[in-house]
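Below is one structure; the comments refer to it alone.
The values are calculated or read from the model by the stated rules, or taken from the named source; none is laboratory data. Keep in mind that what you see is a predicted model, and the values were worked out from it rather than measured. Backbone-built Cβ (ideal geometry, glycine too); neighbour counts: all protein chains shown. We work out accessible area using only protein heavy atoms, side chains counted, and drop any ligands, DNA or RNA first. Shrake-Rupley method; radii C 1.70, N 1.55, O 1.52, S 1.80 Å.
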Amino acid sequence: MNENTDITSYLAEGGKLSAPGNAPPRYRAELMRMMASFVDSELAGAAGFADCINMGPGVKERIAASRIVLEKHDHAERVLKIMGEFGANTDRYMQVHPWTERVAREEDVGAERRGGDMRLNVFWYPIENWADAVVMNVMMGKATIIQLEELARCSYQPLAEAFREILPRERRHMELGEEGLAGLRASDAGAVLASMDYWRPRVAASFGGRDSERFAMLKKLGLRHRTNADLLTEWDAAVDAVAKSLAA
Amino acid sequence: MAQFYPLRVTDVKRDTRDSVILTLAPPAGDEDAFNFIQGQYLTFRRTFDGEEMRRSYSICAGVNDGVLRVGIKKVDGGWFSSWANDELETGETIEAMAPMGNFHAALNPDEARHYLGFAGGSGITPMISLIKTVLDAEPHSKFTLIYGNRSTNAIMFREELEDLKNIHMGRFTVVHVLESEADIDLFSGRLTREKCDALFERWVDVCSADLAFICGPEPMMLGVSDALKAHGMDERAIKFELFASAQPGRAKKRAESASADGGAQTKATIVLDGAVRECDIDKGAQSVLEAALAADIDAPFACKAGVCSTCRAKIVEGEVDMEANYALEDYEVERGYILTCQSYPRTDKIVIDYDQ
């Protein structure tokens, strides 16, 4: 670690990196995992959502779903490009994991990673119908925004910038979901509430555990700033607000 | 996979006592690969004593200058920079990858922006590219450069900066901060937090600035960014480029391999985050990564498919079979790097180092 001491304290004091050549081994590893988790979640999420396009009740809904699928692939590509600068094989990346694979609806993945890819747990669950797709999109969309706002502060500047560009578009995806939700409120209230009950604990698990030692390490590297618990609290409040607006 | 191109050295110009500026010509037909964005760098490779070395140097030309140049400052004990300074001559070829890097902001000819640049020593090289490009592409923008050096004769691109002041009269300002030889206290010393605070109070108006670029050694970059933030600049408007100091020196020779033989288990020694751990690996059944994870060692990984390179480590002793490798390049494999998710031990003892 000796030759990295300078750079480690530089990062701990808020310094930023902008080129792979300056990244110490542990930093590189954690950054790659962070990027892989994002890319895999976008790819798996988009693959699952692609099937929902045909569930859309009208042309408008199908356009919204198509746009979400398109842009999530684009977001994956942007971050994958940065992984490529660290040596990942971007041409092959798409081919190595079965992005459409899902577990049974009632199976419990918990907060674990499954299979070979790094997608967040929530992208292992299948979507059942259009209302379910809309609810999942709103709930996970709110989580994505909070998680991306956190990652957009990370010390690897090219990634932070990529996330800052991605953020407004992910926010728009969530808003498209909210618009859909408003429409479903009258016609399909029961299904919406059932879906919310289904997704709430699963999305909550995507914030990860309370491993304080690991967080301290990531914080020192400037890769994280707020704890998982902190982010989860913010999300809980956002979801409470959605539930309240549905009940009103 | 990274592709290297042979670039012809068309000029070697000595800039200061310990720095040179190389002008390079891409091979015919590959010119487009070397169209760069301001602030990007080139990664060169060269073999020294049978071992490949790679070094990155910033391009120090504007995007519309029609020329590809890099500035190389000699570093004590640096093989590549010493070779470039002492031996490299016009007419030779040197291998480089296409330009990379993200030290820039999108240009907009209609904007009237005020840029601040902070360079320490050879940190000036990408700044030259930024200054020239911005002043050329954005006719209403201005650029203020604060440039720290030990002494006058250590200032790289001194004449060129003077020329730029004359060409872009009123739009380009340079403030030299020198550790010695400066007559005025404000411009004497190092670019520290305190120095920047003083400059921002009396000389440079941070409030009028839209963006700041910083390139230099770590302490300087931290000091400058802290001062900028304290004077009201949004963190997102500050761009950092750290160079050279963190690049490792010459790679060590790979240890001699132990002879392969047929026990069922391999004793593995794993170096990670400065700690040394031991674990057993079932030969033929477990990858190095699987065994490390089974032993509660926090080894890095992501794809487990030989594609992403997150699990990269160096084999210091022993031998492994790598089943798939889509991420490491030949030179890395030659140096002993392996993808631990794809590596199965062949020898009874292996030593794996994740910290190299």
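Return a whole-number percent for the relative contact order of segment B:97-215, with Cα pairs under 8 Å and 6 or more residues apart as the contact set.
31
Cα gyration tensor of chain B, axes a ≥ b ≥ c as square roots of the eigenvalues: rounded (a/c below 1.5), prolate (a/b > b/c) or oblate?
prolate
So for segment A:70-219, what percent of the C-alpha to C-alpha distances run longer than 23 Å?
Values: 5036 of 11175 pairs.
Taking all Cα-Cα pairs of segment A:70-219, the fraction more than 23 Å apart is 45 percent.
Between A:His225 and A:Ala182, with labels modelled 7 Å along Cα→Cβ, what's the label distance in nm to one decimal, could you check?
With each label point 7 Å from Cα toward Cβ, the separation is 3.1 nm.
Calculate for chain B the 222 nm mean residue ellipticity that helices alone would give, adding -39,500 (n - 2.57) per DSSP H run of length 4 or more and normalising by residue count, nearest 500 deg cm²/dmol. Intermediate values should be presented prior to the final figure.
Details: 7 runs with 67 residues, N = 356.
Helix-only estimate at 222 nm: -5500 deg cm²/dmol.
My understanding is that a pair violates if its Cα-Cα distance is over 19 Å; which of B:Lys74/B:Lys195; A:Lys16/B:Lys229; A:Lys142/A:Lys220; B:Lys142/B:Lys229 do that in this structure?
On the way: B:Lys74/B:Lys195 27 Å; A:Lys16/B:Lys229 14 Å; A:Lys142/A:Lys220 27 Å; B:Lys142/B:Lys229 21 Å.
Cα-Cα > 19 Å for B:Lys74/B:Lys195; A:Lys142/A:Lys220; B:Lys142/B:Lys229; rest within.
Could you state the accessible area per residue of chain A in Å², with a 1.4 Å probe and every protein chain left in place? List each step's numbers first, then the result.
On the way: 10510 Å² over 248 residues.
The answer is 42 Å² per residue.
List the residues of segment B:304-343 whose accessible area drops by at least 30 Å² when all protein chains are present, compared with their chain alone, using a 1.4 Å probe and counting only protein heavy atoms.
Buried by the other chains: B:Val307, B:Cys308, B:Ser309, B:Thr310, B:Arg312, B:Tyr326.
Within 10 Å of each Cβ in A:24-31, how many Cβ atoms from other chains are there, averaged over the peptide?
Details: counts 4, 10, 7, 0, 4, 13, 2, 2.
Per-residue shielding by partner chains comes out at 5.
How much of the accessible area of the protein assembly as shown, probe 1.4 Å, is carbon plus sulfur, in whole percent? It would help to have the intermediate numbers written out before the result.
Working: 12510 of 25960 Å².
It is 48 percent, rounded to a whole number.
How many nm is it between the label spots at A:Asp6 and B:Glu87, if each spot is 7 Å from the Cα in line with the beta carbon?
2.5
Rounded to the nearest 100 Å², what is the buried accessible area between B and A, both sides summed, probe 1.4 Å? Can you show the working numbers first?
Numbers: alone 17060 and 12160 Å², together 25960 Å².
Adding both sides of the contact gives about 3300 Å².
Counting partner chain Cβ atoms within 10 Å of every residue's Cβ in B:292-301, what's the average? Before the final figure, lay out the partial values.
Numbers: counts 0, 0, 0, 0, 0, 0, 5, 1, 8, 6.
Taking the mean over all residues of the peptide, I get 2.
Within chain A, which DSSP H helices have Cα atoms that stretch 27 Å or more along the helix axis and a mean Kyte-Doolittle hydropathy of at least 0.0?
Values: long enough: A:25-50 (37 Å, 0.18); A:59-85 (39 Å, -0.34); A:130-151 (30 Å, 0.77); A:157-187 (45 Å, -0.65); A:228-247 (28 Å, 0.34).
Going by DSSP H runs, the hits are A:25-50, A:130-151, A:228-247.
Using a basic spin-label model with each label point 7 Å from the Cα along Cα→Cβ, how many nm lie between B:Ala324 and A:Asp51?
2.3
How high is the FRET efficiency from B:Leu107 to A:Glu101, r the C-beta distance, R0 56 Å, rounded to 0.05?
Values: r = 44 Å, r/R0 = 0.78.
The computed FRET efficiency comes out at 0.80.
Kirkwood Rh over Cα pairs of segment B:72-190 into Stokes-Einstein at 4 °C, 1.567 mPa s: D in µm²/s? Before the final figure, lay out each step's value.
On the way: Rh = 16.3 Å.
Reported coefficient: 80 µm²/s.
Against the empirical 2.2 N^0.38 Å scaling, what ratio does the C-alpha Rg of segment A:55-152 come to? Could you put the intermediate results ahead of the total?
Numbers: Rg = 15.1 Å, N = 98, 2.2 N^0.38 = 12.6 Å.
Its radius of gyration relative to the 2.2 N^0.38 Å reference: 1.20.
Just to confirm the filter: which trypsin sites (Lys or Arg not before Pro) across segment B:68-176 are DSSP coil and have at most 16 other Cβ within 10 angstrom of their Cβ? Mind showing how you got there, number by number?
Values: sites: B:Arg69, B:Lys73, B:Lys74, B:Arg113, B:Lys132, B:Lys142, B:Arg150, B:Arg158, B:Lys165, B:Arg171; in loops: B:Lys74, B:Arg113, B:Arg150, B:Arg171.
Passing both the DSSP loop test and the Cβ count: B:Arg150.
How are the alpha carbon pair distances in the protein assembly as shown distributed across 10 Å bins from zero to the largest one, expressed in percent?
The percentages, shortest bin first, are 3, 15, 23, 23, 19, 12, 4, 1.
When you look at the Cβ of every residue in A:54-62, what mean number of other chain Cβ atoms sits within 10 Å?
Rounded to a whole number, the mean comes out at 0.
Go through segment A:79-110 and flag every residue whose accessible area shrinks by 20 Å² or more with all protein chains in place compared to the isolated chain (probe 1.4 Å).
A:Glu85, A:Gly87, A:Asn89, A:Arg92, A:Tyr93, A:Val96, A:His97
Based on the Cβ-Cβ distance of B:Phe48 and B:Asp234, what FRET efficiency does E = 1/(1 + (r/R0)^6) give at R0 = 56 Å, to the nearest 0.05? Can you show the working numbers first?
Working: r = 44 Å, r/R0 = 0.78.
That gives a FRET efficiency of 0.80.
Hey, what's segment B:75-138 come to in accessible area per residue, 1.4 Å probe, Å²? If you can, show how the numbers build up before the last one.
Values: 2290 Å² over 64 residues.
Accessible area per residue: 36 Å².
Using a 1.4 Å probe and ignoring any ligands, DNA or RNA, find the accessible area of B:His140 and quote it in Å² to the nearest 10.
The accessible area comes out at roughly 120 Å².
Taking the Cα of A:Asp74, stepping 7 Å toward and past its beta carbon, and measuring to each backbone N in segment A:164-188: which are under 17 Å?
Answer for this model: A:164-177.
Given contacts defined as C-alpha pairs under 8 Å and at least six residues apart, what's the relative contact order of chain B, whole-number percent?
Working: 765 pairs, mean separation 45.2, N = 356.
The normalised contact order for chain B reaches 13 percent.
Return the FRET efficiency for the residue pair A:Arg210, A:Met94: r is the Cβ-Cβ distance, R0 is 35 Å, and the value is rounded to the nearest 0.05.
Details: r = 34 Å, r/R0 = 0.96.
With a Förster radius of 35 Å, E is 0.55.
Loop-only trypsin sites (Lys or Arg not before Pro) in segment B:1-67, please: DSSP not H, G, I, E or B, and at most 13 other Cβ atoms within 10 Å. Mind showing how you got there, number by number?
Working: sites: B:Arg8, B:Lys13, B:Arg14, B:Arg17, B:Arg45, B:Arg46, B:Arg54, B:Arg55; in loops: B:Arg17.
Those that pass, being in a loop and sparsely packed, are B:Arg17.
Which value at 222 nm does chain A reach when only helices count, each DSSP H run of 4 or more adding -39,500 (n - 2.57), with the total divided by all residues and rounded to the nearest 500 deg cm²/dmol?
Working: 9 runs with 164 residues, N = 248.
When only DSSP H runs of four or more count, the value is -22500 deg cm²/dmol.
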